[in-house]
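Okay, so here's the structure we're looking at.
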Amino acid sequence: MSFFDQLESETSEARERFTRIPVISRALAEGVPMDLYVSYLGQAYHHVRHTCPLLRAALDRCNSEDRALAGALREYILEEEGHEAWILDDIRDLVGPATVEHTIEYEGDPPVRALVGFMYDAIARRGPHAMLGMVHVLEGMSVQLAEKAAAAIAGHIGETPDQGFRYMMSHGSLDQEHVVFFRDLVNDISDPASQAQIIDTANMVYYLWGRMFDELDQSNEGASRAA
């Protein structure tokens, strides 16, 4: 079994739990309200803005034996630079500049803060391969879910997917190429400790990212009842 297949197998339970999260199922089937979608973008901003700093932190941890990983991290940095600005543009297009300012000033809800903090710690304490666990989850789920969810949400709120959905649409078909690149990269990793870093990190990211969606859904339900 290739390591990519092993990674898929050993994260399958966490992945299945993630895809069964009610708000994700609803978003794919029928879309979600504008307020909930904008809230999601606000949370996404606070992990996406750390993507390149995390990649650089992982790059700084690479040693002479990590040349392939270091090269891949450099490519990821070039690919991911500026994506947080796309999110702010989407928010501005949908609800205006005031919400953009609030998004920037806010640090994100606890699950997002925990996710970002966990990733910095995993890279610093365990090693640079931990970053590939996060890449596996975010890019893998984006390919499976992003474009379909964007189309459903746009239909629900009466927008077209080219207005307020640049970030989500860019992380659909585009990331299919990244998944192939990722599979080839991890299949060349044979060190058991490095493999364990990737698997453990991926499972944690599924859990923490899933909590972000759960809490967004609960907050939106609470706001709806209060209204």
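Taking residue 200 as the residue in question, decide whether it is surrounded by fewer than 20 Cβ atoms within 10 Å (Cβ to Cβ) and touching a residue at least 24 places away in the same chain (Cβ under 8 Å).
Taking the combined requirement at face value, the residue satisfies it.
Among the residues of the stretch 1-31, just one is surrounded by 22 or more Cβ atoms within 10 Å (Cβ to Cβ) and at pLDDT below 95, namely 27. Restricting attention to the stretch 99-132 and to residues that are farther than 23 Å from residue 198 by Cα, free of Cβ contacts under 8 Å to residues at least 24 places away in the same chain and among the acidic types (Asp, Glu), the residue that is surrounded by the fewest Cβ atoms within 10 Å (Cβ to Cβ) turns out to be 105.
Residues in the stretch 63-98 that are of a type in the set (A, V, I, L, M, F, W, C), under 19 Å from residue 181 (Cα atoms) and in contact with a Leu (Cβ under 8 Å, 6 or more places away or on another chain) were compared, and the one that is surrounded by the fewest Cβ atoms within 10 Å (Cβ to Cβ) is 68. When the stretch 133-174 is limited to residues that are hydroxyl-bearing (Ser, Thr, Tyr) and buried (at least 20 other Cβ atoms within 10 Å of the Cβ), the one that is farthest from residue 88 (Cα to Cα) turns out to be 142.
The values are calculated or read from the model by the stated rules, or taken from the named source; none is laboratory data. Please read these numbers as outputs of a predicted model, since none were measured by experiment. Counting neighbours? That spans all protein chains shown, and the Cβs are built from the backbone with ideal geometry, glycine included.
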